[in-house]
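The values are calculated or read from the model by the stated rules, or taken from the named source; none is laboratory data. Since the structure is predicted, the reported quantities are computational estimates derived from the model, not experimental observations. Here the Cβ positions follow ideal geometry from the backbone for every residue, glycine too, while neighbour counts run over all protein chains shown. To get the accessible areas, we keep the full protein, side chains included, count just its heavy atoms, and leave off ligands, DNA and RNA. Shrake-Rupley method; radii C 1.70, N 1.55, O 1.52, S 1.80 Å.
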Amino acid sequence: MADAKLLDGKALSRRIEKELKAEIQAFSGRAPCLAVVIVGTHAPSLIYVGKKQEACKRVGIDSKLFEVEETVNKKELKKLIESINKDHDIDGILVQLPLPQQISPLEVAEWIHHDKDVDGFNPINMGKLLMGSLSGFIPCTPLGVKKLLDEHHISVTGKHVVVLGRSNIVGKPMAALLTQINPGYDATVTVLHRNSPDLKNICKSADILIIAAGQPHLITGSMVKKGAVVVDVGITKVNNVSLDRSKVVGDVCFDEVKKVADYITPVPGGVGPMTIAMLLENCVKSYKRHHKIL
Ligand code: GUN
């Protein structure tokens, strides 16, 4: 049997960026602007934030970086976010996660005004998604996964989708998105997590398996149904001591699983670039709303 076909997020994200760039060039007045808040010096976060800002630049979105001390208290951070909420020249706000332990990500999500919440983590946007409205901002990773499936004409309707991971960033909104009562959605979703019994067999029953566990090599070939679609959201940096360099790996044993699945996302180059492309899309959506562009 032939190896699984690749769900190439890099190629699709390049196309989306090209389209966004053309759309932005046609705007009159100022460019869209994203505020990026980073608290502390968490190394992977610095890299992700850098990638997001580079992507903004490629398409013509201005980005403003707000670097905040690791030791910031709640009051100070809330004040900063509220000042960005009020700034008419900023369309979107992103506070990079994770945050230091004295700051609750749930509270931060509440402080960000829902009209500028391009991450889709504010309870109003999350609540809309849960209640069946797609009019708010939808979190970037689930939205990117859905776009990648759509691009390859992979329908989720009537399929059994297993989501491994229950985070607010990926697992929960992913399940909420795919279970929408809407043409093109309507999946049957099982959400698994590290404490789920019978994890292996449930994964094996999936038509579409979406893994966001952050645990390299978690999904082996024997956990995947023949002909399944496998979406690997995991990104873990591992050190290759013998080669004296590090590389990024997903949660899936790619070389095994590609022999069983029909479709698979590579890591890197699968979901990661799609997350960034959806952030850009959400920024443009926010800009258009603020400027009443239909
Ligand atoms: N950390 C990991 N993924 C994300 C994301 O999508 N948004 C933010 N703000 N932080 C993250």
| remark: Selection from the range 120-159 of residues open to solvent by less than 20 Å² (accessible area, probe 1.4 Å) and at positive phi yields GLY120
| message | Regarding the range 177-195, can at least one residue be identified that is within 16 Å of the ligand (Cβ to nearest atom), without any contact (Cβ under 8 Å) to a residue 60 or more places away in the chain and under 21 Å from LEU134 (Cα atoms)? | response | yes
| Lone unmet requirement of (1) over 23 Å from the mean Cα position of the chain (by Cα); (2) within 15 Å of LYS258 (Cα to Cα); (3) not basic (Lys, Arg) for PRO197 | (2)
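Each row is one residue, and each column tells you yes or no for (1) open to solvent by less than 60 Å² (accessible area, probe 1.4 Å); (2) in contact with a Phe, Trp or Tyr (Cβ under 7 Å, 6 or more places away or on another chain); (3) within 16 Å of the ligand (Cβ to nearest atom); (4) of a type in the set (A, V, I, L, M, F, W, C).
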| residue | (1), (2), (3), (4) |
| --- | --- |
| LYS247 | no, no, no, no |
| LYS258 | yes, no, no, no |
| THR275 | yes, no, yes, no |
| LEU280 | yes, no, yes, yes |
| SER286 | yes, no, yes, no |
| ARG289 | no, no, no, no |
| LEU294 | no, no, no, yes |
| task | Would you confirm whether any residue within the range 214-226 is touching a residue at least 60 places away in the same chain (Cβ under 8 Å), more than 23 Å from ALA43 (Cα to Cα), outside any loop (DSSP other than H, G, I, E, B) and not polar (S, T, N, Q)? | result | no
| said: Out of everything in the range 172-211 that is open to solvent by 10 Å² or more (accessible area, probe 1.4 Å) and in a strand (DSSP E or B), what residue ends up being farthest from PRO44 (Cα to Cα)? | reply: THR188
| task | Could you give me the residue pairs with C-beta distances under 7 Å whose first residue belongs to the range 80-98 and is under 16 Å from ILE276 (Cβ atoms) and among the small types (Gly, Ala, Ser), whose second residue is open to solvent by 10 Å² or more (accessible area, probe 1.4 Å) and more than 12 Å from the ligand (Cβ to nearest atom) wherever it lies, and which are 6+ apart or on separate chains? | result | GLY92/LYS116
| remark: Within the range 21-38, residues being open to solvent by 10 Å² or more (accessible area, probe 1.4 Å) and within 16 Å of the ligand (Cβ to nearest atom) number 0
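Is at least one residue of the range 90-97 open to solvent by 20 Å² or more (accessible area, probe 1.4 Å), under 17 Å from the mean Cα position of the chain (by Cα) and either hydroxyl-bearing (Ser, Thr, Tyr) or within 16 Å of the ligand (Cβ to nearest atom) (or both)? Before you say what the answer is, go through the steps one by one.
Filtering the range 90-97 down to residues open to solvent by 20 Å² or more (accessible area, probe 1.4 Å) leaves 97.
Going one step further and asking which of them are under 17 Å from the mean Cα position of the chain (by Cα), we end up with 97.
In the following step, the residues that additionally are either hydroxyl-bearing (Ser, Thr, Tyr) or within 16 Å of the ligand (Cβ to nearest atom) (or both) were identified as 97.
Scanning the range 90-97, I find at least one residue that is open to solvent by 20 Å² or more (accessible area, probe 1.4 Å), under 17 Å from the mean Cα position of the chain (by Cα) and either hydroxyl-bearing (Ser, Thr, Tyr) or within 16 Å of the ligand (Cβ to nearest atom) (or both), so the answer is yes.
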| message | Can you tell me which of (1) surrounded by fewer than 14 Cβ atoms within 10 Å (Cβ to Cβ); (2) away from the ligand (no atom under 11 Å from the Cβ); (3) part of a helix (DSSP H, G or I) is the one THR41 doesn't meet? | response | (3)
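Among the listed residues GLY221, GLY214, GLY165, identify the single one that is open to solvent by less than 20 Å² (accessible area, probe 1.4 Å) and closer than 25 Å to ALA109 by Cα.
Details: GLY221 fails: closer than 25 Å to ALA109 by Cα; GLY214 fails: open to solvent by less than 20 Å² (accessible area, probe 1.4 Å).
So the residue among GLY221, GLY214, GLY165 that is open to solvent by less than 20 Å² (accessible area, probe 1.4 Å) and closer than 25 Å to ALA109 by Cα is GLY165.
Which one is surrounded by the fewest Cβ atoms within 10 Å (Cβ to Cβ) among residues in the range 98-112 that are within 10 Å of GLY40 (Cβ to Cβ) and within 13 Å of the ligand (Cβ to nearest atom)? Give the derivation first.
Within the range 98-112, the first condition is being within 10 Å of GLY40 (Cβ to Cβ), and the residues that meet it are 98-100, 103.
After this cut, where a residue has to be within 13 Å of the ligand (Cβ to nearest atom) as well, the list is 98-99, 103.
Numbers: PRO98: 13, LEU99: 22, ILE103: 22.
Within the range 98-112, the match that is surrounded by the fewest Cβ atoms within 10 Å (Cβ to Cβ) is PRO98.
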